[in-house]
Amino acid sequence: MNFLKGIARLIDAINELVGNGVAWVTLLMVLVVFTDVLMRYLLNTSYVFTQELEWHLFSVVFLVGAGYTLLHDGHVRVDIIYAAVSEKARAWINLIGVIFFLIPGCYLIIYTSYNFTYDSWSTLEGSGDPGGIPYRFLLKSAIPIGFGLLLVQGISLGIKSFLVICGQPLEEGDEV
């Protein structure tokens, strides 16, 4: 059981580190949006590069930050049932959800995005707009990376849920 706890802790640490990096990307996104708004309303001008950078950064925050959000239980769920049941019942709900929904869903998106991302890398795809960002292939890489991080965080959640079901106490800071 200590081996499983170690795997869960390693996955949690990776997503914690990634989440801290995504926080800085979020700050950068806010600054870019603020700059774009100032340029549009004060200078009456806007650039394609700036607008594309906004949605590129948002995509990175959303996709790459999904595992971190799951780590900190920030995803939406039906709390009416979840909040009213015992810790062991919540662990069962989490384990079933991870096995039957999260893992297959993440696998499906990673599998189907592979060719999409590969094709983008093979042509070093950039923006189709003049003045746009030339590195769109990097953005498309965030799809399998983000869902890979979400998948491994789901595995961590599954491990911790399994441990709770088996009556194994989790350490301070470990959440199910």
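What follows draws every value from the coordinates through simple rules; no lab data is involved. Note that the structure is predicted; figures quoted are calculated from it, not measured. Cβ coordinates were reconstructed from backbone atoms using ideal geometry, including for glycine residues, and neighbour counts include every protein chain displayed.
Worth a mention:
- Remark on the chain: hydrodynamic radius 18.2 angstrom, per the Kirkwood mean of 1/r across alpha carbon pairs.
- When the charge dipole of the stretch 112-176 is built from unit charges on Cβ atoms (+1 for Lys and Arg, -1 for Asp and Glu) and taken about the Cα centre, the candidate among Gly148, Leu170, Leu138 whose Cα reaches farthest toward its positive end is Leu138.
- Reach of Lys5 by Cα under 22 Å, taken over lysines that are not fewer than 8 positions away in the same chain: Lys88, Lys160
- Sorted by Cβ neighbour density within 10 Å, fewest at the top, the residues Ser59, Ser86, Ser141, Ser156: Ser86, Ser59, Ser141, Ser156
- The calculated FRET efficiency for Ser46 paired with Ala23, based on their beta-carbon distance and R0 = 30 Å, is about 0.65.
- With Cα atoms, 0 to 90° folded angle of helix 136-165 axis to the chain main axis: 10 degrees
- Residue-count net charge about Lys140 - beta-carbon cut-off 14 Å; Lys, Arg +1, Asp, Glu -1: -2
- Principal-axis tilt of helix 87-97 within the chain, Cα atoms, nearest 10 degrees: 50 degrees
- The angle between the Cα long axis of helix 48-64 and the main principal axis of the chain comes to about 10°, on a 0 to 90 degree scale.
- Only DSSP H runs of four or more residues enter the estimate; each adds -39500 (n - 2.57), and after division by the residues of the chain the mean residue ellipticity at 222 nm equals -25000 deg cm²/dmol.
- Exposure proxy order (Cβ contacts within 10 Å, fewest to most) of Thr50, Thr45: Thr45, Thr50
- About its Cα centre, the chain has a charge dipole of approximately 280 debye under the convention of +1 per Lys or Arg Cβ and -1 per Asp or Glu Cβ, with nothing else charged.
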